[in-house]
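The values are calculated or read from the model by the stated rules, or taken from the named source; none is laboratory data. A quick note: this is a predicted structure, and the numbers were derived from the prediction, not measured. Don't worry about glycine lacking a Cβ; one is built from the backbone with ideal geometry, like all the others, and counts go over all protein chains shown. Please note that ligands, DNA and RNA were not included when accessible areas were found on the heavy atoms of the full protein model with its side chains. Shrake-Rupley method; radii C 1.70, N 1.55, O 1.52, S 1.80 Å.
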Amino acid sequence: MALGARLTDFAGWNMPLKYTSELAEHQAVRTTVGLFDLSHMGEIRVSGPQAGAALDHALVGRLSAIKPGRAKYSLLCDANGGILDDLVTYKIADDEFLVIANASNTGVVLAALTDRVLDFDATVTDETGQTALIAAQGPASQAVIQSLADDQDARDAVAALRYYACMPARIAGLDVLLARTGYTGEDGFEVYVAADDAVRLWNALYPATEAAGGRAAGLACRDTLRLEAGMPLYGNELSLETDPYAARLGRVVQLDKTFVGQEALALAAQDQPARLLTGLTGEGRRAARAGNVVLNSAGEPVGVITSGALSPTLGRPIALAYVDRDEAVEAASLQVDVRGTLLPFTVSPYPFYKRS
Amino acid sequence: MANPSHLLYTAEHEWIQLTPGADLPTEPVRVGLTTFALDALGDVVFVDLPEVGTEVTAGDACGEVESTKSVSDLYSPVTGTVAAVNQAIIDDPALIAADPYDAGWLFTVTPEATAKLLTSTEYEALLD
């Protein structure tokens, strides 16, 4: 609270929603760097000789196929193909993976992984309570991380770290897992550190962030950043009722292996989804909000908004919605019922923002 | 920021340019949002105000204030007729938080009757 943060209860964690102005924080990530405390995220370690095979069975993707030091975005589905969580998994070594779960789903993910590895020589450990996560996101994030590296070799290693890769590193004299990942659509780093070292790491990263012209950033701007970047949010775009194909995430499903949900998803892959996750852009300043009904030009309901905001970067409303496949045609004119007022929206490809 | 003592307040975190203890004026008076409301809302990005000439009723919703994350109803502190809206804050909603008790006013209303209004002291007691 020393930074004047406004806190919010999020999945049982007392988390910073914003420090000063969420628009200024959003802008900082797009132009310099924003520093996020994301310690609410779940960290679940899967280790053992068959850890890779166990995750291939548990998740829709083939985690065993990626190289150590790489990360992969994947989904945890139930037997019906519904989405239990979307998650990033880091392959630390051939026999060791770190699975990052959404805070509100950590219990579900832990229970599912624990159950799904039973037939494998692998163990599942919840490290959420012992692990903190601090993210530096934005074009100046590399300079911020480098400024806290030990020497030139270490600074070179930070620069050489590829997108969706991770490595053990020493930052501010602390042992961390340094990953070039994020949820903002910008270049950025996520730093996993022992919870006991979290305050020391933050107290080193925060002055470096300020020196780079950046600022502390909260969960409110994280939501507008990820929406501009067209990234789905579990609970909004993804749920047990949505399948990966409707969410346009079919590319992450590898049907040529056995995994929980494979049969249901193999069937779903043969059909076109009735509704597709669709980008919408509006005019003026009034945003569509989750739950608002989408109508076609004839006034018939054809979908529902899952996330919407006035895009701070674009200055116009953007939204994601599940829309009937026939209506989800690029440039089609639709309307959204925003609390009784019909506002025009246009079907637009997402991401709405791509870094240059 | 302290809530100025020359204004009256509502439990919905709005202020109205009425003098505590005085009779209702015949001229239009300004209505705005308190710093407490603005801090809770976050950055305001869109304001939907009642049109000039609209009859508003004390305690009833008469517009909306949107931040990046939320939409909140705007309530009229008094019954009366809307006389003007602040075009400057419609064009740039950030002006509201920059000067909430003066240049950041929302609309003016010619008051005919009031609902329960609070002095700054009573309003601040509500916030504790």
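Things worth noting here:
- Calculated from the alpha-carbon coordinates, region A:274-347 shows an Rg and a Dmax of 10.7, 32 Å respectively.
- Cα-based shape type of region B:1-88, given that a ≥ b ≥ c are square roots of the gyration tensor eigenvalues and the cut on a/c is 1.5: oblate
- With only the Cα atoms considered, region A:86-129 has a convex hull volume of 76 Å³ per residue.
- Remark: for residue pairs A:Lys18/B:Lys116; A:Lys72/B:Lys69; A:Lys257/B:Lys69, the C-alpha separation exceeds 31 Å in A:Lys18/B:Lys116; A:Lys257/B:Lys69.
- Peptides ranked, highest mean first, by Cβ atoms within 10 Å: ranges B:29-37, A:296-304, A:283-291: B:29-37, A:283-291, A:296-304
- The separation of region A:35-84 from region B:61-76, counted between C-alpha centres, amounts to 41 Å.
- DSSP bridge orientation in region A:1-272 - percent antiparallel, rounded to nearest 5: 95 percent
- Contour excess over end-to-end distance, with Cα ends at A:Ala157 and A:Arg355 and 0.36 nm allotted per residue: 69.0 nm
- Averaged over its residues, region A:274-347 has an accessible area of 40 Å² per residue, based on protein heavy atoms and a 1.4 Å probe.
- Peptide ranges A:51-60, A:257-266 listed from the most packed, as the mean C-beta count within 10 angstrom indicates: A:51-60, A:257-266
- Length-normalised contact order of chain A in % [C-alpha pairs under 8 Å, at least 6 apart]: 18 percent
- Region B:78-128: C-alpha gyration tensor shape, a/c 1.5 cut-off, then a/b vs b/c: oblate
- Segment A:Glu127-A:Val199, length gained on full extension (0.36 nm per residue, minus Cα span): 24.2 nm
- For region A:306-356: relative contact order, % (alpha-carbon pairs under 8 angstrom, 6 or more apart): 24 percent
- Between region A:323-352 and region A:208-240, the Cα center-to-center distance that results, in Å: 23 Å
- The fraction of accessible area contributed by carbon and sulfur in region A:1-272 is 50 percent, rounded to a whole number (1.4 Å probe; ligands and nucleic acids excluded).
- Highest-fluctuation residue, B:Asp60, B:Asp23, B:Asp91 considered, GNM on chain B with Cα pairs under 10 Å: B:Asp23
- Within chain A, helix-based [θ] at 222 nm, where runs of 4 or more DSSP H residues each add -39,500 (n - 2.57), nearest 500: -6500 deg cm²/dmol
- Dimensionless Rg ratio for region B:33-128, taking C-alpha atoms and the 2.2 N^0.38 Å reference: 1.06
- q = 0.09, 0.17, 0.18 Å⁻¹: log10 I(q)/I(0) that the Debye formula gives for region A:1-146, counting C-alpha atoms only: -0.34, -0.99, -1.05
- Test item: B:35-48 mean partner chain Cβ contacts at 10 Å: 4
- Value of relative contact order over chain B, rounded to a whole percent, pairs C-alpha under 8 Å and six or more apart: 31 percent
- Anisotropy class of chain A from Cα gyration tensor, a/c 1.5 cut: oblate
- Working note: 222 nm ellipticity from helices only, DSSP H runs with n ≥ 4, each -39,500 (n - 2.57), summed and divided by the residues of chain B, gives -4500 deg cm²/dmol to the nearest 500.
- Accessible area per residue in Å² at 1.4 Å probe, computed on region A:186-236: 34 Å²
- Placing a label point 7 Å from the Cα of B:Glu112 along the Cα-to-Cβ direction, the residues of region B:54-71 with a backbone N closer than 13 Å are B:54-58.
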